[in-house]
Amino acid sequence: LKEKDQSFLSVITTPVNKRVSEVTGVSVSSAPDSSPAASTPTMSNTKTPKGSSKKKKREGRSSVSEGPPQRRDLDPILKNNDEDDVPSIVTWDPAVASSTTDPDILQKRSAHRREQSLIEGDLIDSNLEPHYSNLIDSANAPIFGVDSEGRVNVWNKCAMRIVGYTPDEVMGKNLVREFITRDYQASVGMVIDRALRGDETANYEFPLMTKEGARIEILLNATARRNPGGEIIGVVGIGQDITGRIAQEREYTRLIDTANAPIFGVDTYGRVNIWNQCAIQLVGYSTEEVMGKNLVQEFITDEFKTAVQAVLDEALHGEETANFEFP
């Protein structure tokens with residue numbers, strides 16, 4: 001009867017042990033043990049040296065303890081590849097094993113991991129936020145930001161120094177309606193709308209009104225601001241105060257326009273872009289009549305077109321020409 005029982009147990013436990021080996025990577029003997037615990041799918045597998053009547057605990061290795069085995073909520077345990085190939089104690093839980101093959105459980109696990117990743121991203125973002133805030137606040141350039149509704153939510157010290165408004169005075173207010181001159185409100189609004197759609201804008205010039213009512217010129221780079229999930233939540237603008245540069249350019253233009261000599265200029269394509277008052281008086285063409293037209297083709301006599309074009313080409317390559325006469 002005992003032999004029959006053992007044969008019956010072998011038939012029952014062999015498929016189970018085979019499945020345990022597939023899932024865990026641990027070779028499990030099919031021979032039934034006399035103890036009832038060995039005939040169940042939850043089992044412990046150790047190798048005892050011959051001639052030893054006591055079980056030795058190996059340092060750094062799990063050991064058998066009385067009572068039910070502890071569940072390890074991990075993926076299936078891999079085989080231990082020590083030099084003597086003694087496998088660790090393996091606790092096999094049907095729920096854990098099935099979680100590696102059941103599509104529903106795998107899908108839930110994947111969703112949980114994605115959610116955990118987003119949570120960790122939020123924590124990282126919140127931990128770094130003070131650091132980024134300090135960098136923005138101490139930058140030597142005006143930096144401001146708006147949310148998806150166009151309301152100010154970033155305003156650094158340089159912006160406060162240039163414009164005159166403190167963060168408390170601007171936070172939550174509509175940037176375009178409150179601080180942009182009326183003639184630029186539409187175009188600045190378009191730049192912000194484009195950034196909210198993910199289209200960046202570089203080197204955009206627009207004026208800002210200071211607290212004292214003065215107009216300053218800003219060169220702006222606008223980019224979208226995203227949350228850890230990649231969603232656009234606002235716009236950040238990094239600016240440069242070019243008021244002084246614009247003033248110098250205007251002074252330069254004034255000096256050219258009032259000079260007591262005909263002064264004209266062309267772009268890299270030979271089209272007129274400077275035509276002062278003295279040139280108007282001598283030639284008779286107004287600024288509106290010559291701007292954008294090709295100087296050589298439109299205003300130079302045929303016999304001098306080649307020579308004048310050569311002088312212009314040399315100047316465009318950095319070679320100056322002095323005292324050149326032409327009609």
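The values are calculated or read from the model by the stated rules, or taken from the named source; none is laboratory data. The model shown is predicted, which means the values in this text are computed figures rather than measured ones. All Cβ positions, even for glycine, are placed from backbone atoms using ideal geometry, and neighbour counts span all protein chains on display. Heavy atoms of the whole protein, side chains included, go into the accessibility calculation; ligands, DNA and RNA do not. Shrake-Rupley method; radii C 1.70, N 1.55, O 1.52, S 1.80 Å.
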ask   = residue 189: open to solvent by less than 50 Å² (accessible area, probe 1.4 Å) and either touching a strand residue (DSSP E or B) at 6+ places or on another chain (Cβ under 6 Å) or within 18 Å of residue 243 (Cα to Cα) (or both), yes or no?
value = no
message = For a quick check of your reading of the model, give me the residue pairs whose first member lies in region 226-252 and is in contact (Cβ under 8 Å) with a residue 40 or more places away in the chain, whose second is part of a loop (DSSP other than H, G, I, E, B) and among the polar types (S, T, N, Q), with beta-carbon atoms closer than 7 Å and at least 6 apart or on different chains.
response = 233/148; 233/227; 234/148
query = When both residues are 6+ apart or on different chains and their Cβ atoms are under 6 Å apart, which pairs have a first residue that lies in region 140-164 and is open to solvent by 70 Å² or more (accessible area, probe 1.4 Å), and a second that is part of a loop (DSSP other than H, G, I, E, B)?
reply = 151/172
ask   = What's the number of the condition residue 276 fails, among (1) in contact with a strand residue (DSSP E or B) (Cβ under 8 Å, 6 or more places away or on another chain); (2) open to solvent by 80 Å² or more (accessible area, probe 1.4 Å)?
value = (2)
query = Are any of the residues in region 245-268 touching a strand residue (DSSP E or B) at 6+ places or on another chain (Cβ under 9 Å), in a helix (DSSP H, G or I), open to solvent by less than 60 Å² (accessible area, probe 1.4 Å) and under 27 Å from residue 162 (Cβ atoms)?
reply = yes
key: Which listed residue, of 198, 189, 213, 234, is under 22 Å from residue 166 (Cα atoms), among the small types (Gly, Ala, Ser) and modelled with pLDDT of 90 or more   = 234
